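Engineer: Supplied in structure tokens, the structure appears directly below.
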Amino acid sequence: MPNFAENLPVLAPLLALAVGALGVLVLDLVLPARRGYGWWFAVALAGVALAALYTLPLLGGNRTAFGGALVADRFGLFFWLVILAAAGASLLLSLSRSEEDASGYLALLLWAAMGMAVLAAAGNLMVVFLGLEILSLALYVLVAFAPGNRIAWEAALKYFLLGAVAAGFLLFGFALIYGAVGGVGFDQIADYARGTAELPRIYKLGVGLSLTGFAFKLALVPFHVWAPDAYEGAPTPVTAFMSVGTKAAAFAAMARFLVAAVPPQAQTAYLLPLGVLAALSMLVGALAAIRQENLKRILAYSGISHAGYLIMALPGLTEEGLGAGLFYLAGYLCMNMALFAGMVYLRQVGEDGESVASYTGLLYRRPALAGALALALFALAGLPPTVGFTGKFLLALAAIRGEAWLLLGALILATGVSAYVYLRVVAAMARQPEKVRRSAAAEVAAAAAPAAGEGAAALGLPDGLIRGAAGAVLVLAVAGMLLLGVLPGRVLAALTGLLG
Amino acid sequence: MYESMLLPLIVALPLASAAVLAAFRNRWPHRVIGWAGTGVVFVTFLLSLAAFAQLRGLGGEGVLRWVFSRWEIGGRPYEWGLVLDPLSMWWLLVVTGVGFLIHLYSIGYMAGDESYGRFFACLNYFVFAMSLLVMADNFLGLVMGWTNVGLASYMLIGFYIRKPSANAAQMKAYLTNMVGEVFMLAGIAVAVIRYGSITFDAVFQGVQADPGWATAIGLLILGGAAAKSAQLPLHIWLPDAMEGPTPVSAMLHAATMVTAGVYAVARLYPIYQASETAMTAVATVGALSALAGALAATRQYDIKKVLAYSTMSQIGYMFLANGVGAHGAAAFHFLTHAFFKAALFLCAGIIIHELGGQQDIRRMGGLREKMPFAFWTFLVGVLALIGLPPFAGFFSKDEILAAALNEGHYFLFALGVVAAGLTAFYNTRLFSLVFLGDPLEAPAKSGKRKHRREEEHHDHGHHETPWVMKAPVAVLAALSVVGGAFVLAVDPYLHPVFARFDAREVHVHAPVWAMALILGVAALGIWAAWALYGPRGSRRQAEQRSVGAPAGLLGRAFYFDEIYELFVYQPVLALADLVGHYADPRGVDGLVNGLARMAYGLGGRLGWLHSGYVRRYGLTLVIGLVAVLIYFAFYV
């Protein structure tokens, strides 16, 4: 029986998130919504901050809890920090919400973050599944958390249905592996995979099934079909959170799973399907985004491409490769948060911010904002001096070392195609506003009207605070993007050190 | 070797100031910008003097150094840093000293210009670039300085950005220099590849026993040097560069920047001295440029163009000096030329300023009474330029021609003497048309609309000249009188530099008959010009009545522009048309557009995957699952 007090330090960040969520709900009960509204956000943010604070002392060493069920090694802790950063940013972007049940929204956001953290630190298959379910169930509801928005509800339902199927794949795969190995711990699986000369078919099928389950969460083609609808339908901060957090957590769990379950002698064969899925993801994500007119949908497809890019860190399962993956994730966090923060900000000042057309002439209306967004789009397209370029370069190096030529080829093609996708938005921003002044003005007016209606509602935080928070997220994200892009050496050394 | 903090300060200060002035160009008042920019250059000059003292303290072979960074590529060490030896010191002092005077002058000259801040930012940036160039301690630094100087020149020639002729001139200057730079980079590349190092010393050691390659490297680098220094046949940009404000013409296109080529050849003297062919090429280019520039200057009507062709001619002398091995004489003539040519240009600026933008010497005349200050200072400059004793130009020009003669280059010596006569001729013509005799009409009224060149010059009519403009001219004129005294200093000072790689000893003292010949030819030139263009000269009236741009072989400067137009510009344009209208749209664009259409089409097809039907989504999932499972079941 594990000693609870011994395990508490590892558990503390997770508990902080869970308790923070409960605290928000309790506040909702004891204080009238009008008075407690601001506190909900404060408590939720405090929960995230506390979790981050508890995570920092752990960074010193590799700790495990509950007999290896939770692995708070530095690899996992890096993901915790990414997840917490994503959660914090999306909380800040959520300040504009003004419904009475925003407390539930905040609680679910924290629980989803906790699920992601559990997933990233899972030490056995059961905990993987547990984390996955905590995060999925919370996200299904969060996607639907847009009052009166049928698109969101539909997207949530689809996401739920497909997610349930994918969870079935995963669980069945785990069951098969358990059947072969006789245990669920990653250590046991690793021993088994290395110790057995001829692995049974049941084990291989188990690995295949599990991979499809992970691929679903990562939104790899062809298990990506839920992503565009869910991304578009969900409230923007949720999309932001989902795009980075889920990807990070699922990537961490999959990397752990692969390191354990793939026998070193048959590495190439085991990783081949994943490589094919990744190559497909890059290309489909890039190509399908070409015709999209909604920035959130573009970012959904871009997320699919980027999931493919991330897989490039895996060939060979080396430390350098995984380090490149972590670096790219940190960069992806910055780029995505910058864009979503920009969208929230635009929405707040009465612009549409979602359709690509609404960005026409933004450079002339709001040069600083447009400049920051353009930088983020450059980063997504992989242009220097942003982290997009450095990250892709490191991933390409990892793929070259792992001799993953298919992935490298797909990366080059997809980068070429996706440049069009992202730069189209930049081009829209830079287009002369004279030609479209009337339509843009009309759109602004149309967007402003419902915003004014919402403003009449009793709840809500001060406008300046909301804008300030979105602006702060944007500035931090852009700063991170440039810092990682210009001075990658130090960060990368630290990340590679994390894996040692 | 001595690490000196002064070196990075000397380059960093003007650069930082340029950045600050550029950032606050529209916020700070003009007075602050002008004095700040000038003050920074003055401080830089003081720092250079301090470095001079420090260098003297080292004595002999000592040099000041500063290394910014060291790195290694492929096992070879590289370094980027600054160095000050007597040769760089010589140039640096002129750049910062004359640079300071011209900054001071600009405070008055540019007053009222809407882009006052931009002007001083660019001018400070130029001081930075030129210091970087002369303090380079290897080919990399030289190229860095070289290109920065080119950019500064580009920005300043086109300073009046709304003036199409200025835009054209800046592009012409940049492109011409780019042609030169391609040669120069090729030469440097050859040197670096062959001798495996970017440091000067390694290449200098290498060429000693390698005359064939020394010839190639020397000639290629000469291409770059000739372009930057407006020597034949890449001189075409310099007359057009007079579109820039007059202080810019004085500083970049007379005193300092255009001598970068002279500096480069002097700095790289071991390469040239290792190859007789390269030396002869340098000398020939110089002598021919001296003659051609002087000839073209005799037929110009724009006061600044006369001075521009004169600059080309005088730099030709410096090249001639380099080519016959008298690098000290080249450096000396650079110094005196910087004094009197800057004085002449600044004086021309005062005239243009007071006449409200008039630059056409046919519309001047009789300014002696109106502008006594300009009259006397211009006279000093002209006498120094003609090279009459005891003015500065006499000593330096005499050294150069003597060196050519003593080295046995009799033909080049003859060319130089003829050019000296022509120099006297065009200077007398210029001076007489501007200051003596009677004007054709009242200059302030005539042809005001038609002939005003610097239209941006803020307002029209007669101006008082402030002291900030007069003081620098007075200082420079004084130096033009007494600058000849440096004749005693130049050779001993520069000797350690040229002794390191055993430069040949060239005697720079002319025999008496040669000195007499030079002075006699100069007198002949003065006499001829006086007869033609003096106050009662026979051609004066006709000249003043003529209108339009200068014509004829000399007026058009041997039709170089027309020749380039026909043989370079038109063919390139035709080629561009060919590529732009046929090869690119059909070939490259066709391919690219085809690919784009394909991607776009695929993007549309993929829409099927995202129809919105859950059953179709589920089907996709299952297909993927089955494929993965089949693989794992049968192929792993």
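The values are calculated or read from the model by the stated rules, or taken from the named source; none is laboratory data. Since we're looking at a predicted model, the values are computed, not measured. Note: ideal-geometry Cβ built from the backbone for every residue, glycine included; neighbour counts use all protein chains shown. For accessibility, only protein heavy atoms count, side chains too; no ligands or nucleic acids. Shrake-Rupley method; radii C 1.70, N 1.55, O 1.52, S 1.80 Å.
Engineer: List the equivalent ellipsoid semi-axes of the range A:127-247 in whole Å, largest first, each obtained as the square root of 5λ for an eigenvalue λ of the Cα gyration tensor.
Structural biologist: They are 33, 12, 11 Å, listed from largest to smallest.
Engineer: Pairs of Cα atoms under 8 Å, at least six residues apart: use those to get the relative contact order of the range A:4-494, whole percent.
Structural biologist: The normalised contact order for the range A:4-494 reaches 16 percent.
Engineer: Cβ neighbours within 10 Å, averaged per peptide: list A:74-83, A:328-337 in order, most packed at the top.
Structural biologist: By packing density, highest mean first, the sequence is A:328-337, A:74-83.
Engineer: Now for a separate question. Can you give the average number of partner chain beta-carbon atoms within 10 Å of each beta-carbon in peptide B:611-622, as a whole number?
Structural biologist: 5
Engineer: Ranked from highest to lowest mean number of other Cβ atoms within 10 Å per residue, what is the order of the peptides B:183-193, A:203-213, B:366-376, A:242-252?
Structural biologist: A:242-252, A:203-213, B:183-193, B:366-376
Engineer: Output the peptides B:86-94, B:328-336 sorted from most to least packed, where packing is the average of other Cβ atoms within 10 Å over each peptide's residues.
Structural biologist: Highest to lowest by the protection proxy: B:328-336, B:86-94.
Engineer: If you don't mind, there's one more thing I want to ask. Rank A:376, A:132, A:241 by how far each Cα sits towards the positive end of the charge dipole of the range A:4-494 (+1 on Lys, Arg Cβ; -1 on Asp, Glu Cβ) and give me just the farthest.
Structural biologist: A:376
Engineer: Considering every residue in A:208-215, what mean count of other chain Cβ atoms within 10 Å of its Cβ is obtained?
Structural biologist: That average works out to 4.
Engineer: Mind pulling up the Rg/Rh value for the range B:565-635? Radius of gyration and Kirkwood radius, both on Cα.
Structural biologist: With Rh from the inverse mean 1/r over Cα pairs, Rg/Rh is 1.48.
Engineer: Same structure again: Report the one residue of A:340, B:412, B:10 whose Cα lies farthest in the direction of the positive end of the charge dipole of the protein assembly as shown (charges on C-beta: Lys and Arg +1, Asp and Glu -1; origin at the Cα centre).
Structural biologist: A:340
Engineer: Could you give the semi-axes, largest first, of the ellipsoid that matches the protein assembly as shown, computed as the square roots of 5 times the alpha carbon gyration tensor eigenvalues and rounded to whole Å?
Structural biologist: Semi-axes from the Cα gyration tensor: 74, 33, 27 Å.
Engineer: For chain B, what does the helix formula give at 222 nm: sum of -39500 (n - 2.57) over DSSP H segments with n ≥ 4, over the residue count, nearest 500 deg cm²/dmol?
Structural biologist: -22500 deg cm²/dmol
Engineer: Any idea what angle helix A:319-348 forms with the longest principal axis of chain A, computed on alpha-carbon atoms, 0 to 90 degrees, nearest 10?
Structural biologist: Helix A:319-348 sits roughly 20 degrees off the main axis of chain A.
Engineer: Hey, another quick one. What is the P(r) of chain A, as percent of Cα-Cα pairs per 20 Å bin from 0?
Structural biologist: Calculated P(r), rounded to whole percents: 24, 58, 17, 1.
Engineer: If you put +1 on each Lys and Arg Cβ and -1 on each Asp and Glu Cβ, how big is the dipole of the range B:565-635 around its Cα centre, in Debye rounded to 20?
Structural biologist: The calculation lands at about 720 debye.
Engineer: When the scattering of chain B is computed by the Debye formula from its Cα atoms alone, each counted once and equally, what is log10 I(q)/I(0) at q = 0.05 Å⁻¹?
Structural biologist: With one equal scatterer per Cα and no solvent, log10 I(q)/I(0) is -0.26.
Engineer: A follow-up question, please. Helix A:295-311 versus the longest principal axis of chain A: what angle, 0 to 90°, nearest 10, using Cα atoms?
Structural biologist: Taking Cα atoms only, the helix is inclined about 20 degrees.
Engineer: Roughly how far apart, in whole Å, are the Cα centres of the range B:559-607 and the range B:6-20?
Structural biologist: 43
Engineer: Then there's this: Size of the dipole of chain A about the Cα centre, Lys and Arg at +1 and Asp and Glu at -1 on the beta carbon, nothing else charged, in debye to 20?
Structural biologist: Once rounded to the nearest 20, the dipole reads 800 debye.
Engineer: How many percent of Cα pairs in the range A:286-436 exceed 21 Å?
Structural biologist: In whole percent, the long-distance tail amounts to 43.
Engineer: Tell me the accessible surface of residue B:438 in square angstrom (1.4 angstrom probe, heavy atoms of protein chains only), to the nearest ten.
Structural biologist: About 110 Å², rounded to the nearest 10.
Engineer: In addition: For a 22 Å ceiling on Cα separation, which of these pairs sit above it: B:163/B:228; A:158/A:392; B:228/B:341; A:217/A:296?
Structural biologist: Table pairs above 22 Å Cα-Cα are B:163/B:228; A:158/A:392.
Engineer: Over the range B:565-635, with every protein chain in place, what whole percent of the accessible area is carbon and sulfur at 1.4 Å, could you tell me?
Structural biologist: On the range B:565-635, the fraction of accessible area on carbon and sulfur atoms equals 70 percent.
Engineer: What average number of partner chain Cβ atoms lie no more than 10 Å from the Cβ of the residues making up A:61-73?
Structural biologist: 0
Engineer: Could you tell me which of A:85, A:162, A:361 has its Cα farthest along the dipole of the range A:4-494 towards the positive end, charges placed at Cβ (Lys, Arg +1; Asp, Glu -1), taken about the Cα centre?
Structural biologist: Positive-end residue among those listed: A:361.
Engineer: Return the long-range amide H neighbours of residue A:122 (sequence gap of 5 or more, or a different chain), with a cut-off of under 5 Å between placed amide H atoms.
Structural biologist: Under 5 Å from the amide H of residue A:122 lie the amide H atoms of A:71, each far enough along the sequence or on another chain.
Engineer: A follow-up question, please. With θ set to phi - 60°, apply the Karplus curve 6.51 cos²θ - 1.76 cosθ + 1.60 along the range A:29-37 and write out the HN-Hα couplings as whole Hz, x wherever there is a Gly or Pro.
Structural biologist: With the stated coefficients, the range A:29-37 comes to 6, 8, 10, x, 3, 4, 7, x, 3 Hz.
Engineer: Quick one: which residues, 5+ away or cross-chain, put their amide H under 5 Å from the amide H of residue A:355? H built at 1.01 Å from N.
Structural biologist: HN-HN under 5 Å from residue A:355: A:295.
Engineer: Using unit Cβ charges (K, R positive; D, E negative) and no other charged atoms, how large, in debye to the nearest 20, is the dipole of the protein assembly as shown about its Cα centre?
Structural biologist: With Lys and Arg at +1 and Asp and Glu at -1, about 1840 debye.
Engineer: Between helix A:201-218 and chain A, what is the angle of the helix's C-alpha long axis to the longest principal axis, kept within 0 to 90° and rounded to the nearest 10?
Structural biologist: Tilt relative to chain A: about 20 degrees.
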